[in-house]
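Worksheet: one structure, shown below.
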Amino acid sequence: MKEVKAMFYIGCHLSASDGFLAMGRTALSIGANTFQFFTRNPRGSKAKAIDPADVAAFLALAAENEFGTLVAHAPYTINPCSKDEHTREFARMTLADDLKRMEHLPGNVYNFHPGSHTGQGMETGIAQIAETLNAILTPDIRTTVLLETMSGKGSEVGSRFEELREIIDRVELSDKLGVCLDTCHVSDAGYDIADDLIGDLDGVLTEFDRVIGLERLKAVHINDSLNPRGAHKDRHARIGEGCLGAEALGRVVRHPALQGLPFVLETPNELPGYAREIALLKALREG
Ligand code: FE
Ligand code: FE
Ligand code: ZN
């Protein structure tokens, strides 16, 4: 296959507590040209007001340094398909408010965990997630909302590509939707992206294309996994210290179908560890 040398957008999850300019500077200091951040406290409390001067300063820095698409991440605690109505309502309010805030940074992506059906069954879960998306998406938003591929822990919705497809099919403004592929989660879900020296990454991406469509794929979470394929555990490992391994993850960042997407590390690291992993992935991408 012919090598496609698009720009490599690589970064990691960063703390948003000091604002956007601080995240931009931190990203540059570790060799990153994109990053992920929580839109609010990950436990889902009230969001801090966005400072337009901070955003403007960040956007200038990002333009100067050719940053790629940023990945905003919804709090983990929201659940649009909980059996508890108040929890569903809270998810709806949080997602709607976050989308409003994202308009300060148009053209980026907002990723969320589709939800856990908490015993209601997959069909009800899928229907409630779609219902939430139909309630919050409006034609004017300039953000693409991403459903993350999940590990299938507990009653999580979205570990099978078919489940994500079903959600998308039920959403009226589905042109606002995309998918974020998490390498740890898809392996946990049972997809074989690194079984042996060759692996079946091509096969998994072909399946993704058949079921969802590769044009929906807007971001990649590049994580190793502490557990073997199909474990449904969702425990991330550092690159090369898990069951996927550096070679397999190198094939992911080199894959022609994934060029130009933002790759985000969510590995257990502090900044120096992230800097090392970013350098490693840059080297792996060169092959
Ligand atoms: Fe996530
Ligand atoms: Fe993830
Ligand atoms: Zn995870």
In the stretch 79-226, taking the dipole from +1 charges on Lys and Arg beta carbons and -1 charges on Asp and Glu beta carbons about the Cα centre, the listed residue (H113, G213, Y191) farthest towards the positive end is H113
Can you list the HN-Hα couplings for the stretch 228-244, worked out from phi with the Karplus curve (6.51, -1.76, 1.60; θ = phi - 60°), rounded to whole Hz and with x for Gly and Pro? x, 3, x, 6, 6, 10, 6, 10, 6, 10, 5, 4, x, 10, x, 7, 7
Taking the stretch 205-259 on its own, what percent of its Cα-Cα pair distances exceed 14 Å? 60 percent
Sort the following peptides by mean Cβ neighbour count (other Cβ atoms within 10 Å, averaged over residues), highest first: 87-96, 143-152. 143-152, 87-96
Under a Cβ-only charge scheme (Lys and Arg +1, Asp and Glu -1), can you give me the dipole magnitude of the stretch 131-279 about the Cα centre, in debye to the nearest 20? 280 debye
If you add up the charges near I141, with Lys and Arg at +1 and Asp and Glu at -1, over every other residue whose beta carbon is less than 10 angstrom from its beta carbon, what do you get? +1
I want the antiparallel fraction of DSSP beta bridges within the stretch 155-287, as a percent rounded to 5. 25 percent
What's the extension gain from T124 to T206 if we count 0.36 nm per residue and subtract their Cα-Cα distance? 26.7 nm
Residue-span extension gain [Y76 to R142] - 0.36 nm each, minus C-alpha spacing: 21.5 nm
Find how many whole Å separate the alpha carbon centroid of the stretch 63-139 from the alpha carbon centroid of the stretch 217-287. 24 Å
CD proxy at 222 nm, helix term only [per DSSP H run n ≥ 4: -39500 (n - 2.57); per residue of the chain; nearest 500]: -11500 deg cm²/dmol
Which stretch or stretches of the stretch 97-127 have amide N atoms under 15 Å from the point lying 7 Å from K153's Cα along the Cα→Cβ direction? 113-118
Express in nm, to one decimal, how much length is gained between E66 and A53 on full extension, taking 0.36 nm for each residue of separation and deducting their alpha carbon distance. 2.7 nm
Dipole of the chain, Cα-centred, from +1 at each Lys and Arg C-beta and -1 at each Asp and Glu C-beta, to the nearest 20 debye? 500 debye
Summing +1 per Lys or Arg and -1 per Asp or Glu among the other residues with Cβ less than 12 Å from I50's Cβ gives -1
Both in Å, the radius of gyration and Dmax of the C-alpha trace of the stretch 1-121 are 16.4, 52
Which values, in whole Å and largest first, are the semi-axes of the equivalent ellipsoid of the chain obtained as the square root of 5 times each eigenvalue of the Cα gyration tensor? 27, 25, 17
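Bear in mind these aren't lab numbers, they're just calculated from the coordinates by the rules spelled out. Keep in mind that what you see is a predicted model, and the values were worked out from it rather than measured. Here Cβ is always computed from backbone atoms with ideal geometry, including for glycine, and neighbour counts include all displayed protein chains.
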